[in-house]
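Single-structure report; data block below.
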Amino acid sequence: MKKIHLLVLKAFIRPFIVTFLIVMFVLLMLFLFKYIDDLIGKGFEWYVILELLWYASAAQISMAMPLAMLLSSIMTFGNLGESYELVAIRAAGVSLQKAMRPLIILVALFSIGSFFFSDYILPVANLKMGSLLYDVRNKKADFLIQNGVFNNDIPGYSIRAQSKNENGTVLYNLTIYQNSNLSRSSNVLMAKEGYMYNSPDNNWMILKLKDGVRYEESTAGKQTYDPRRQFTRFYFKETEQKFDMSTFKMKRTDEVLFKQHYMMMNLKQLKYFRDSSAKVLDSTRNTIFNEIKNNYRLFNSYVSNSLKPLPAEGPKTSYDKSAEELIPQDKRYSALNSASSSAKYIKDVLDMRASFDSEESKKITRYIIEYQKKFTLAVSCLLLFSIGAPLGAIIRKGGLGLPVVMAIIFFLIYHIISTVAEKSAREENINVILGCWMAIIVLSPLGMFLTYKAATDSTLFDVELYKSAIKKAFRFLGKRMAFITKNKQGATNSRVPQET
């Protein structure tokens, strides 16, 4: 038994590691393609990109782990079935359930580990990745001069170069406009040639200009128009102009600003914020109810004081048309005005509070969804293994051909059901908890069915079996049609009169 268990474990661990790394690589490439526009042309250091990919890989485990579990289990038992090792295991008197027992324990440990990962490590990774990605996307692109185009990336300056050399360090026929709001002056600098380089600390860009002129026009701090303003012109053979490049550096945002997001919380924090939001929502609704209730009370008291007294004796008068008939004629106009103003006030209060109520409800829904996803990740690993392992034993094909196709089909089914149900739960079209567990509920009977078929050595995916069944069906239909045609011909012949 121990040798069989070791055989099954060794056959599973290697494909699991390989498929997990492959799936993780594919998901990281998709992540890079998604944010490629925010990464190119901004001059990031290599360690910034590597840090972003490290946090993104931790965030992608929630999708990579179930897919790797499904694919590796199909490959493992497909290889064992193709090499007739499962037949040898059954011939030794060991059932498939007993042979899979240590593997089930290993997968259960993986599932428990994924639960603790999603509760303790994943929120921290999402926080780090979210803050870093926010800074990456908000960073300015590198300063780039295009031929004949004004560049306004440097605050207070507009720079234009007619042409430049191949390296982009030497600019020709430069025009620089400087607008200073403090001194209320406008300066124009023109030069035939400029050499561009950075300071040793990369905080300044320096332009070494040659053969140019500088025009300065100043209002001397006056707020009104002055026709006698100062105008200065400088000619130079060589000068230097410094530009502050601090705006082009990536500034790290404080991570505390992102901690309120639901994806960056563990179970305790999600439960705490969900209860807090529920209390705020209940308090707001009670306040609105009390405000509306007071208006109804005022109106009802006003109407009750204005009602006509009913006679103690005699025939009773019936009112069939409207409630206005209960109010005396001289007080009816004021009662209608009071009702109209009260209804308008109630409508304004409800409209004002509706957006807040909707936002708080969506926030609570997101907290519940993220809370449930901590558990669905662990259960999905067990579910996809219960589908993949018996499926591999049934198809009896190893390698990266049919197992990959089957794994992709079943994972797409799982992912589509999960995505659609989660979106419906987020929009509150279905129950939130039901939406989070919908994919597991739908696919669990399939896992049990495949497990039963694998345990009974069923030929569920045997093509020859289906071919023979189709041939038998066509033969039966052919015999049936021939029998019906023969009966029709016999009935026709019986109706024809015989010649005397």
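Sort out for me the Cα centre separation of the stretch 233-293 from the stretch 356-433, rounded to whole Å.
The distance from the Cα centre of the stretch 233-293 to that of the stretch 356-433 comes to 31 Å.
Filter 164/208; 208/249; 347/423 down to the pairs with a C-alpha to C-alpha distance above 24 Å, please.
Table pairs above 24 Å Cα-Cα are 347/423.
Rounded to whole Hz and in sequence order, give me ³J(HN,Hα) for the stretch 10-21 from the Karplus expression 6.51 cos²θ - 1.76 cosθ + 1.60, θ = phi - 60°, writing x for Gly and Pro.
Per residue, the Karplus-derived 3J(HN,Hα) values read 5, 5, 8, 5, 5, x, 5, 5, 5, 5, 5, 5 Hz.
When 419, 175, 376 are ordered from fewest to most other Cβ atoms inside 10 Å of their Cβ, what list results?
In increasing order of surrounding Cβ atoms, one gets 419, 175, 376.
How would you rank 46, 54, going from fewest to most other Cβ atoms within 10 Å of each one's own Cβ?
Ranking 46, 54 by Cβ neighbours within 10 Å, fewest first, gives 46, 54.
Can you pull the Rg over Rh of the stretch 347-407, Cα-only, Kirkwood?
Result for the stretch 347-407 is an Rg/Rh of 1.44.
I'd like the Karplus ³J(HN,Hα) series for the stretch 342-355: coefficients 6.51, -1.76, 1.60, θ = phi - 60°, whole numbers in Hz, and an x wherever there's a Gly or Pro.
5, 5, 5, 5, 4, 5, 5, 5, 5, 5, 5, 8, 5, 5
Report, to one decimal in Å, the Kirkwood hydrodynamic radius for the stretch 15-92 based on all distinct Cα pairs.
Kirkwood hydrodynamic radius for the stretch 15-92: 14.9 Å.
Please list 3J(HN,Hα) in residue order for the stretch 372-389, calculated via the Karplus relation 6.51 cos²θ - 1.76 cosθ + 1.60 where θ = phi - 60°; whole Hz, with x for glycine and proline.
3J(HN,Hα) across the stretch 372-389, in whole Hz: 6, 5, 4, 8, 5, 4, 5, 5, 5, 5, 5, 5, 5, 5, 5, 8, x, 5.
Quick one: give the max-minus-min coordinate of the C-alpha atoms of the stretch 1-152 along each principal axis, largest first, in Å.
Reported extents, whole Å, longest axis first: 82, 33, 18.
Output the pairs from 271/362; 192/242; 139/271; 251/374 with a Cα-Cα distance over 25 Å in this structure; if there are none, say none.
Result: 139/271; 251/374 exceed 25 Å.
Laboratory data are not the source of any read-out in this text; all were calculated from the coordinates shown. Not measured: the values here are computed from a predicted model. Because the Cβ atoms are built from the backbone with ideal geometry, glycine has one as well, and the counts that use them run over all protein chains shown.
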